[in-house]
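The values are calculated or read from the model by the stated rules, or taken from the named source; none is laboratory data. As the structure is a computational prediction, the values presented were derived from the model and not from experiment. All Cβ positions, glycine included, derive from the backbone under ideal geometry; neighbour counts span all protein chains shown. Side chains included, ligands, DNA and RNA excluded: accessible areas come from the protein's heavy atoms. Shrake-Rupley method; radii C 1.70, N 1.55, O 1.52, S 1.80 Å.
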Amino acid sequence: VQLQASGGGLVQAGGSLRLSCVASGNIFSINVMGWYRQAPQKQRELVADITSGGNTNYADSVKGRFTISRDNAKNTVYLQMNSLKPEDTAVYYCNADSWGRKYHYWGQGTQVTVSS
């Protein structure tokens with residue numbers, strides 16, 4: 001499975017960005033897709049994920065501001081980020097897990113920078 005992420009950039013606080021991640025390869029092995037982020041000198045953390053059935057899970061810090069969605073026909077997961085804060089600044093990584101979370105796949109990171 002290969003993951004190609006896009007959509008990062010520089011935005012002012014309060015602004016919005018939309019991240020996209022397209023999966024290719026053995027896509028039928030994928031159940032959960034999601035986004036993680038890693039800020040400088042911090043551990044990578046889950047932002048949000050979504051199952052193939054549409055069940056979602058969010059970090060408390062982004063609830064009400066970020067929305068994860070998935071287009072199974074396009075093998076794509078999206079992260080709509082609204083009301084961005086400087087503390088959202090991080091490298092965002094697309095992730096996909098196989099059924100039973102036996103295998104984990106990562107895309108290249110995309111930088112999100114929120115200026116105050």
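Can we say G25 is of a type in the set (G, A, S), under 23 Å from V1 (Cβ atoms) and touching a Lys or Arg at 6+ places or on another chain (Cβ under 8 Å)?
It is false that G25 is of a type in the set (G, A, S), under 23 Å from V1 (Cβ atoms) and touching a Lys or Arg at 6+ places or on another chain (Cβ under 8 Å).
From L10, L19, grab the single residue that is assigned to a strand (DSSP E or B), open to solvent by 50 Å² or more (accessible area, probe 1.4 Å), of a type in the set (A, V, I, L, M) and touching a strand residue (DSSP E or B) at 6+ places or on another chain (Cβ under 8 Å).
Of the residues listed, the single one that is assigned to a strand (DSSP E or B), open to solvent by 50 Å² or more (accessible area, probe 1.4 Å), of a type in the set (A, V, I, L, M) and touching a strand residue (DSSP E or B) at 6+ places or on another chain (Cβ under 8 Å) is L10.
For the stretch 38-102, please list each of the strands (runs of 3 or more DSSP E) lying entirely inside it that holds at least 3 residues being free of Cβ contacts under 8 Å to residues at least 60 places away in the same chain.
45-50, 56-58, 66-71
With the condition kept exactly as written, say whether any residue in the stretch 81-93 is surrounded by 22 or more Cβ atoms within 10 Å (Cβ to Cβ), in contact with a Cys (Cβ under 7 Å, 6 or more places away or on another chain) and within 14 Å of Y36 (Cβ to Cβ).
no
Could you tell me which residue of the stretch 31-53 is least open to solvent (accessible area, probe 1.4 Å), considering only residues that are touching a Ser or Thr at 6+ places or on another chain (Cβ under 6 Å) and under 12 Å from N75 (Cα atoms)?
V32
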